[in-house]
Each structure stands twice: as structure tokens, then as C-alpha cells.
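The values are calculated or read from the model by the stated rules, or taken from the named source; none is laboratory data. For clarity, every value in this text was computed on a predicted model and none was experimentally measured. All Cβ positions, glycine included, derive from the backbone under ideal geometry; neighbour counts span all protein chains shown. Please note that ligands, DNA and RNA were not included when accessible areas were found on the heavy atoms of the full protein model with its side chains. Shrake-Rupley method; radii C 1.70, N 1.55, O 1.52, S 1.80 Å.
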Number of protein chains: 6
Amino acid sequence: MTLKHPPNNEHIDHEMFKMEVNFDDISGELLGYLMNLLIESGANDVYYTSIHMKKNRPGILLQLLCSRDNLDKMKQLIFKETTTLGIRYYPLTVHRAERRFREVITEWGTVTVKEGILEGQVIQSSPEFEDCKKIAEKYNIPLKKVYEQVWKQLMG
Amino acid sequence: MTLKHPPNNEHIDHEMFKMEVNFDDISGELLGYLMNLLIESGANDVYYTSIHMKKNRPGILLQLLCSRDNLDKMKQLIFKETTTLGIRYYPLTVHRAERRFREVITEWGTVTVKEGILEGQVIQSSPEFEDCKKIAEKYNIPLKKVYEQVWKQLMG
Amino acid sequence: MTLKHPPNNEHIDHEMFKMEVNFDDISGELLGYLMNLLIESGANDVYYTSIHMKKNRPGILLQLLCSRDNLDKMKQLIFKETTTLGIRYYPLTVHRAERRFREVITEWGTVTVKEGILEGQVIQSSPEFEDCKKIAEKYNIPLKKVYEQVWKQLMG
Amino acid sequence: MTLKHPPNNEHIDHEMFKMEVNFDDISGELLGYLMNLLIESGANDVYYTSIHMKKNRPGILLQLLCSRDNLDKMKQLIFKETTTLGIRYYPLTVHRAERRFREVITEWGTVTVKEGILEGQVIQSSPEFEDCKKIAEKYNIPLKKVYEQVWKQLMG
Amino acid sequence: MTLKHPPNNEHIDHEMFKMEVNFDDISGELLGYLMNLLIESGANDVYYTSIHMKKNRPGILLQLLCSRDNLDKMKQLIFKETTTLGIRYYPLTVHRAERRFREVITEWGTVTVKEGILEGQVIQSSPEFEDCKKIAEKYNIPLKKVYEQVWKQLMG
Amino acid sequence: MTLKHPPNNEHIDHEMFKMEVNFDDISGELLGYLMNLLIESGANDVYYTSIHMKKNRPGILLQLLCSRDNLDKMKQLIFKETTTLGIRYYPLTVHRAERRFREVITEWGTVTVKEGILEGQVIQSSPEFEDCKKIAEKYNIPLKKVYEQVWKQLMG
């Protein structure tokens, strides 16, 4: 069974899928809407790439990552919300680092930091964007200043 | 056996392939020519993406979809027409909606509309581009006006 | 007065304009059609770039080069064929090399070669794409072979 | 004097500016945040393009349109929120169609439609995205169905 | 007179130019070479963007920033090294922050940090890439670790 | 067993892998550095594509081709040098033409030409970029002139 929420420890997941659709007959407005809808509906990631299609058409390639369990749901959504008549997909493997979360205290409040751990070693520390953004907006300071503060605490 | 022309009813095709080549030593002029040649020779779809390659080279990634039966033909064409020495490919699955065609009568003539059907329900209706284009050119009217007329008939 | 067809000798043209429109509510299908229409109607060049617009919209930027005399015609066409409500533009300068044309004889027929001349020196020689394409299609040979033949003659 | 909110009638505005910055030392996360901030702070439009920079760097080009009155405010924001040490800009002209708004009643509620008018003629009608989106979310129907309904009413 | 090396204090430079060329008949290999050549020859910046050109050609747009004094030199180089027969350009304004340089001592050696100053206030601090890269290569450590060390010193 | 250096004769290699990572929280500066590092460490090819990610983020997709034997090494490097917590990959097949090398003598020195051979027939001849570049720099001549000379010799 594939878990909807991948576990936080380091692991290799062989049950992921990439889905792809080419669009040349839909507007960017609808595709912007679709991206959010797919993420809220369980896609692990969704991203667009610009492509050059036949007849001089600037097209858009949708790529979506999801678990095997979500394949059908994603297909339903894409067929219903877009103009496509064909969706392609193939399996892939994902190697995920362990994820741990810690709190960092800044002068404006607490920020969660996500740590990536590989073979027991902390290899990444990244302040959660939404936490930093809330502070930047609340105190009307540049977002990069908030990140700098968090890094300062992390390294102190 | 893979059919050259996929059937019109809803189905899942496990015999498709995606082919890819990176180019940094060929001009856009030749790639524009190649796209049409590959489509006319049986590719289901061909599209280009801009990529950043080593040594500051703005490169182009060719992606091509074809059936297993057409793999060799496509490889031959790409090797003969381009500068590549390596072509990569992998299988993928395509879920296709049922396709039906109906005629819509506008004040300027008939336009074919392609319908997509999923589990018996019409989920898409798209006027055929070439039909609309012919009318726009013949009567010297904006192409979007032709599409609007067809949609009006479809919804009437 | 701006000439519709720029002269073939080396010159600096201060009467060119670049026009730009951002699109997020029109399909690639219509934009592919528009590109040809604008070129046939007198644009010196038309090209699209993929842009990232607000609300996660993958948009398309139209850029068009034309003479001052064609500004109004181009604006009319873009307003009529697309969904935009605003077209922006600004003047620019173009330095053009002198252009000369010569014929090259290959085993399959004649090909025109465009030469670029700067301060009296031939700096470029480029076989005309349409001539080469016709030969490649007529004799069913790779397009790059035709170019190679022309270059061989040019350098012989 | 430049008006902050351009008038709704057809007009040519010679007081617009385009601002540009190249980024190779800032993350996409911060740029996504910046886009919204600039739009909320008075930019007429903001968009990003992928560029190939020196040393194999995939960079991002920020382009921003604003009135002369907003030039300084935009510069301040970009300098404070990003890593750039240089901002370039130049004036351009914008030709805007007249804008009118009308209400369209659908089975799910009212949708505003923006009309574009050129020399007294309606050349565009586009349903307001946010209105359609609210209906799609409230009634859990595909967004394209909402647009279809509005177009049906418009053409009826 | 335009200075070849812009001054380090905050200033507005009205003597900059942007140069642009569209390419569809040259390879990425040659364009990668050209970028370095132009930068070494005095261009302030050079970058490429992928564009969609007529006849399905994936093209490349060269953009180059230089001072008025370098215009002719840049044109010469582009005409000689590429296939273009036309180069366009237009003036723009650049607002530059003041630049100051300071040294930061890490456990692996000294790193120069460039500071950006606006109205007397330090708004940016960015470790020089080449300094950090040399350390990463010499001591075989991840480049991001070197940056982290520099930031730690900066904030300490 | 997979060979680190693929053989020079025509063959089909079923032991290749494509690795992919999406980035939205790292700068282009670091990605430019990473590309070279990965190529020097045994990747067969590395390239970046611009993608549109959630929250209006202009992101970068890393794609890397390597043999099965290099999978772990590449994963280690990417985890250590970047901010990612997940790397995905899948196998693909590569059809490689035979490669042969010959020397061509120009007035400025010898240039290696790589030939591609398919079913015994020479289908490509491409002058080695680094050889041509060295000549262009040493003799201060346009790089395209060097290529022209080599082609002239090849066709003579």
C-alpha cells in the first residue's frame, strides 16, 4: 500500500508516478487555477514548462507527481478541468532524505525550520516560507531580513 | 500489436514511447523543419523545450511521442536529419478519452467539433482548428469570431 | 518617410518599433495563427517568449518589430484577433548589414545564398532555407545534406 | 500628471515605464513573494522570464510595468527585497482600449464581464476570472463550465 | 563622456544601451562561446532567452547591456562571430546602488563580500562567488557550506 | 555490469538513468556551479529547464543522465550541494551511433572531427568545439571561420 503522506524518515519510494499533458488550446488563466486545485487534491508536486508545439504554437507542458493511489483522482480532475483528451504517465523512484522540524525563535516570533537528514547527518536547514512570510507582512520588513535572522539563530 | 492509429473509444495504451534528444550544435531553422517531418512520418506528437546546457549553451530538448511500431523509423529520421549521436527513450502509458466528431453549421459553413467522452459523459468539445482557420481566411474575419460562433451553436 | 522594405545596403534605421503584449487568457492555438497573420501583414519579425505571470499563470509575451508606418495596422490586428486591452511599444534603432544575393548550383538545382556585407567585406553567407527545403523534399534527402552541398560549393 | 489608475476610455499613455532586473543570486521562493508585493504596491504588471546567464547560471529576468509616479516606489521595493545592485528602466507608450463592465446572470449567480471597445466597437468580452473562480469553488464545478455558461449568456 | 567602469557610489546612469539579436540559424555551441567573448570585451551583461520564431523554429534572443562607448565594439563582434544581418538597440537608464567591499575571515581563508548601499544604508551583502568557489574546490566541501560560514561571520 | 565510458561502436544501452530535481529555494549561482561539478564527477549530461512552480515561483528543473553505477554518487552530490530533500529517477534506453575520430588539417593547426556512424554509414561529422575554440582564441579569428575551414577540408 502506498501512503498518502510519505514517511519522514529517509527512504526510497518506488510507487511514485509522473503524469504529463501538453496544452495548446487552453489559457494560462485556467492553468494557474488548475495548479492549485491539483496540489490541494493530493498531488505531491505540479509544475509547468513552456514548449514549442506544431503550427507555431507556444504550448504548456503540465507535469505532476503523485502516488499510485492518487493516479485516478488526478486523471479525473485533469480531464474535467481542461481540454485534454489524453494523459500520459510512468512510474519513477524517489529517494527522500529524513525530515525533522525544529523551532527557531526570532525577535518577531517563532519560525519552523525543516531539516534534511541523510545517513544521520543534517544536510539542509530551511526556514518555512509561510512562517517567514507572515512575519514579513505583519512587521512590514523585507522577507530576506526575516530569513537572515533565522539563519543567524541557526548558526549562532 | 500496436495500432498505428489509436482507437477512438476510451482506452489505456501501454505501448507508447517517449523519445528525447538534447541539441546544442544545430540551428533552430533545421529543428523547425524536423518537427514537421517527424509529425508527417507518424510521430503522435513532437515538441521542443529550451534547456541550459554546459558551457553556457542555450540548447533545445526534442521530445517525441510514438508507438512502439514507430520507434525505429523515428530513430532513423532523427539520426539522419540531425547532428545527434545518441537518442534516449522509455515507455509510458496513455489514458485516452473517447473521441467523437460532430458537425456544427455556422453562417460561413460547417465546422467539425471533436468531443471527448469519459465514462459515457461529454467532457470536452473543441472546434477543429483547421476548419475555423479556413473560414477566417476565406471571409477575412478574426479567428476568435469563428470560434465564438461555433461555441454559440454548440450551446444554443 | 519609412520604407516598407528596408534597403539592401548597410544602414542604420532609427524608425523601427518594438510592440509587446502579455497574454494569459488566450490559447497557443490562436497565437500560432496570429504569428503568421502578423508576418504576412507586414511585421518585420514576430516572436513569443514564455513568461511567469501572477496567480501562477504560464503566460506568453508577444514581441513584434515593425516600421513606424505599420504601427497602426499591427495594433488593429492584435486588438481584433486577440483578447488584449493594451498594447505597449517603443522605438529602437536597427543597424543592418548590406544584403546581396548570389546563386549556387548544386547537383539538385540552384540555391540562393544571402550574403551579409559590412564595410565592404562579406561577413556572412547563408543558403536560403526555402530553397534547400524544396530540394530536400523533392529528392527525399536529409536537409542537412543539402546545406552541406551548398557550403561545399561556396567554399570550393 | 500621471494618473495612478488609468482612465477607462480608449487612450494612448506615453508615461509608462518598463523596469528590468536580472537575478542569479536569489531563490524562486523569494521572487514568487516579490511578484505579489509589487502588484499590491502599484505595479501595473509584473512578470518573470527565464534567462541563460554567464557561468552556466539559469537566471530570472524581472520585468515590471508602472507609471512614472510609481518609479521610485518600485525601485525602493526591489532594492530592499532582493539582492540586486542595479535596476534599469525605459519609457514606453501604451495604447489602451476602452473598458466597460457589464453583469451576466448565470444559474449560480452574477459574473462581471469586462468589455474592450475600440473606436466604439466591442472587440472583446472576458468574464472576470475571480467571479468565475468563486462560483467554481462554491458549487464544486469545473471552472471551464462556468466560463461556458457565461459565454452562452453573452451570445444568447 | 561615459565611463567604462561605472563608479561605485550610488548614481543614475542615462548612457546605457540594450542590444538585441534574434537567432534561428546558429548553434547553441557558438552562442555559448559568444557570451564569454562579449563579456570579456566589455559588455556589462549578456543573457539569452528562448523564443518561439516563425516556421516552428526554437530561437534564441541575445540581450546585451553596454555603455554608449562600447556600442560599436559590440556590434562589430556580433556581426563577425554570428550569422545575423541586423542588430537592434535602444537607450535605457540604470539606477545603481553604492558598492563597497569588505573582507570576511573564515576558517578556510578570506572571502570578499560586496555590500550594496542605498541612501547610506547597507541593503545587501553578498559573498563573492569566485572566492567561495575557490575554497569549496580547495577543501572539497559543499559550496553552500562556504556561503553559510560567510553569512555566519557577517551576522555574528 | 555498466561501463563508465560507453563503448564507441553502435549499441543500445538499457542501463541509463535520468535523475530529476525541482528547485525553488536555491540561486542560479549555485546551480551553475553544480552543473560543472556533476559533469566532472561522471554524469553523462546535465541540463536545466525553467519551470513554473506553485506560489508564483520561477523554478529550475535539474535533469541528469548517468549510468546505474553512478546513481549513488550523483545522489550524494546533489543532496550535499543543494537544498533538495527528494531526488527522483527512472531508467531509460539509449541508442548510440558508432563514434570515430579523425584529424583534419587547417592552416592554423589540426582539428579533431567526431564522426557518427550508423549501420556502417557516416551520418555526422562534427569538428570538436574545444579544438576550434583554441584556434579562434590563439589567432584571434571568428570561431565560425574556423568551423568553415574544417568543413571545407572535410568536403574537399
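If ligands, DNA and RNA are left out, what is the accessible area of C:Ser125 with a 1.4 Å probe, given in Å² to the nearest 10?
50 Å²
Please determine, in degrees from 0 to 90 and to the nearest 10, the orientation of helix A:28-40 with respect to the longest principal axis defined by the Cα atoms of chain A, where the helix direction is its Cα long axis.
Roughly 60 degrees between the two axes.
Where only protein heavy atoms count, and the probe is 1.4 Å, what is the accessible area per residue for region B:37-156 in Å²?
Roughly 40 Å² per residue, with all protein chains present.
For the protein assembly as shown, what % of the accessible area comes from carbon and sulfur atoms, probe 1.4 Å?
Here it works out to 47 percent.
With point charges of +1 on the Cβ of Lys and Arg and -1 on the Cβ of Asp and Glu, referenced to the Cα centre of chain D, which listed residue (D:Met35, D:Val150, D:Asn70) lies farthest in the positive direction of the dipole?
Value computed over the given set: D:Met35.
Just reorder B:Arg99, E:Arg57 by solvent-accessible area, largest first, 1.4 Å probe, all chains present.
The ranking, largest first, comes out as B:Arg99, E:Arg57.
How would you classify the protein assembly as shown from its alpha-carbon gyration tensor, with a ≥ b ≥ c the square roots of the eigenvalues: rounded for a/c under 1.5, else prolate if a/b is greater than b/c, otherwise oblate?
Judged from the Cα gyration tensor, the protein assembly as shown comes out rounded (a/c under 1.5).
Any chance you could look up the accessible area of F:Trp108 with a 1.4 Å probe, heavy atoms only, rounded to 10 Å²?
Ignoring ligands and nucleic acids, F:Trp108 comes out at about 50 Å².
Using a Gaussian network for chain D with springs between C-alpha atoms less than 10 Å apart, which of these wobbles most: D:Asn22, D:Asn36, D:Asn56?
Result: D:Asn56 has the largest fluctuation of those listed.
Please give the total accessible area that chains B and E bury against each other, computed with a 1.4 Å probe and expressed in Å² to the nearest 100.
When B and E are taken together, about 1400 Å² of accessible area is lost.
Say a label goes 7 Å from Cα toward Cβ at F:Glu10 in every copy; what distances in nm does this one have to the rest, shortest first?
4.5, 4.5, 4.8, 6.4, 6.7
Let me know the mean shielding of B:38-51 by other chains, meaning the per-residue number of their Cβ atoms within 10 Å of its Cβ.
Counting Cβ atoms of other protein chains within 10 Å of each residue's Cβ and averaging gives 6.
Once the label point is set 7 Å along the Cα-to-beta-carbon vector, what list of distances in nm do you get between C:Ile105 and its counterparts in the other copies?
Once sorted, the set of distances for C:Ile105 reads 3.2, 6.1, 8.0, 8.0, 9.1 nm.
Contact order normalised by length for region C:12-95, with contacts defined as Cα pairs under 8 Å and 6 or more residues apart; what percent is it?
50 percent
If you put +1 on each Lys and Arg Cβ and -1 on each Asp and Glu Cβ, how big is the dipole of the protein assembly as shown around its Cα centre, in Debye rounded to 20?
The dipole magnitude comes to about 0 debye.
Mind checking the dipole of region A:97-155: about its Cα centre, +1 per Lys or Arg Cβ, -1 per Asp or Glu Cβ, Debye to the nearest 20?
It comes to approximately 160 debye.
Can you give me the C-alpha center-to-center distance between region B:4-56 and region D:37-93, rounded to a whole angstrom?
35 Å
How high is the relative contact order of region C:97-155, in percent, counting Cα pairs under 8 Å that sit 6 or more residues apart?
This gives 29 percent for region C:97-155.
So how strong a dipole does region D:12-95 carry about its Cα centre when Lys and Arg Cβ are +1 and Asp and Glu Cβ are -1, to the nearest 20 debye?
Result for region D:12-95 is approximately 360 debye, rounded to the nearest 20.
What is chain B's relative contact order, in percent, from Cα pairs under 8 angstrom and six or more apart in sequence?
Reported as a whole number, the value is 25 percent.
On the rotation axis linking copies E and F, which residue of E comes nearest by its Cβ, and by how many whole Å?
Axis relating chain E to chain F; nearest Cβ residue and distance: E:Ser50, 4.
Per residue of B:141-148, what is the mean number of Cβ atoms on other protein chains within 10 angstrom of that residue's Cβ?
Across the residues of B:141-148, the mean count of other-chain Cβ atoms within 10 Å is 5.
According to the square roots a ≥ b ≥ c of the eigenvalues of the Cα gyration tensor, what is the shape class of region C:97-155, taking rounded for a/c under 1.5, prolate for a/b larger than b/c otherwise, and oblate for the remainder?
Prolate shape, in that a/c is at least 1.5 and a/b is the bigger ratio.
Just to confirm the numbers: E:Asn36, label point 7 angstrom along the Cα-Cβ line, distances to the other copies in nm, shortest first?
Its label point is 0.9, 3.7, 4.2, 4.2, 4.6 nm from the equivalent points in the other copies.
Write out the GluC sites (Glu not before Pro) in region B:64-110 meeting two conditions: DSSP loop, and at most 14 other Cβ atoms within 10 Å of their Cβ.
B:Glu107
State whether chain E is rounded, prolate or oblate according to the following rule on the C-alpha gyration tensor (a ≥ b ≥ c being the square roots of its eigenvalues): a/c under 1.5 gives rounded; otherwise a/b larger than b/c gives prolate, and the remaining case gives oblate.
Oblate, since a/c reaches 1.5 and b/c is not below a/b.
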